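Nothing in this text is a laboratory measurement; each read-out follows from the coordinates by a stated rule. This structure is a prediction, so every number in the text was calculated from the model and none was measured. Positions of Cβ are backbone-derived with ideal geometry, glycine not excepted, and every protein chain shown enters the neighbour counts.
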Ligand SMILES: [Mn+2]
């Protein structure tokens, strides 16, 4: 029996993870292990030598989800350490409320949960909808079905070591098709709000260089699902030769 672990970063009660877990049951048994509250943009946070509270949430459909009072990466790390049955055949993270494209990926708890699975040797997919207004499970229907299509292939074919798939969907349930893409370039328009010693970073959903055909941002901006393979090796391989020419010696 195929066994799939589902997590997210929006928290166990977010509509996206409910839609994702429901859809993944088409492929096998699903275990949900998710942050107890919203952990968006917490990045690849691992909690060491600190207490972490474990709990349980019961969804309206009867699903018993394990909750972790910490990051999405901690959910997967703890799963791999035996908090739930391990290893699954697949880890799926999402469906995130808001796209995870361009430089979003190292901020993203959705993507870093998938990267943690890759570190633990399990194939993983991160799934996001580029719509911050998606507040109902129905807004995730098409994304969940797209995730099932991709997951079915990953279960057949596997993934290379330290590689995950990053799936992003446009808003709405009318998707033109899927494009294999590379990571694009986000243009953030964050602002700082300040009240005395208290500051906040705020900003709208960032745009990007949509004219760069072949990128994740381009595909989603043009109504396509975007599927990008990501690798944990962040070495700037193309810069290595130039760096050698600096002739650094000690
Ligand atoms: Mn999120």
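Annotations
- Strands (runs of 3 or more DSSP E) enclosed by the stretch 36-115 - at least 2 residues per element that are touching a residue at least 12 places away in the same chain (Cβ under 8 Å), in contact with a helix residue (DSSP H, G or I) (Cβ under 6 Å, 6 or more places away or on another chain) and closer than 22 Å to residue 165 by Cβ: 90-97
- When restricted to residues that are in contact with a strand residue (DSSP E or B) (Cβ under 6 Å, 6 or more places away or on another chain) and either closer than 23 Å to residue 140 by Cβ or assigned to a loop (DSSP other than H, G, I, E, B) (or both), the stretch 163-174 contains 6.
- Among the residues making up the stretch 118-135, those that are within 16 Å of the ligand (Cβ to nearest atom) and either surrounded by fewer than 13 Cβ atoms within 10 Å (Cβ to Cβ) or more than 19 Å from residue 4 (Cβ to Cβ) (or both) are 129, 130, 131, 132, 133, 134, 135.
Residue-by-condition table, conditions (1) touching a strand residue (DSSP E or B) at 6+ places or on another chain (Cβ under 7 Å); (2) surrounded by 15 or more Cβ atoms within 10 Å (Cβ to Cβ); (3) not in a strand (DSSP E or B):
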| position | (1), (2), (3) |
| --- | --- |
| 155 | yes, yes, yes |
| 176 | no, no, yes |
| 184 | yes, yes, yes |
| 189 | no, no, yes |
| 194 | no, no, no |
| 201 | yes, no, no |
| 219 | yes, yes, yes |
| 229 | yes, no, no |
| 234 | no, no, yes |
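- Taking first residues from the stretch 138-149 that are without any contact (Cβ under 8 Å) to a residue 40 or more places away in the chain and partners that are outside any helix (DSSP H, G or I), the Cβ contacts under 6 Å between residues at least 6 apart in sequence or on separate chains come to 142/173; 142/175.
- Within the stretch 89-117, the set of residues being over 19 Å from residue 205 (Cα atoms), crowded, with 24+ Cβ neighbours inside 10 Å and touching a strand residue (DSSP E or B) at 6+ places or on another chain (Cβ under 7 Å) comprises 90, 91, 92, 93, 113, 114, 115, 117.
- Residues (closer than 14 Å to residue 72 by Cα and either in contact with a helix residue (DSSP H, G or I) (Cβ under 6 Å, 6 or more places away or on another chain) or part of a loop (DSSP other than H, G, I, E, B) (or both)) located in the stretch 14-33: 14, 32, 33
- Across the stretch 28-56, the qualifying residues are those that are within 21 Å of residue 138 (Cβ to Cβ) and in contact with a strand residue (DSSP E or B) (Cβ under 7 Å, 6 or more places away or on another chain), and the one among them that is nearest to the ligand (Cβ to nearest atom) is 34.
- Among the criteria (1) farther than 21 Å from residue 115 by Cβ; (2) crowded, with 24+ Cβ neighbours inside 10 Å, the one residue 8 does not fulfil is (1).
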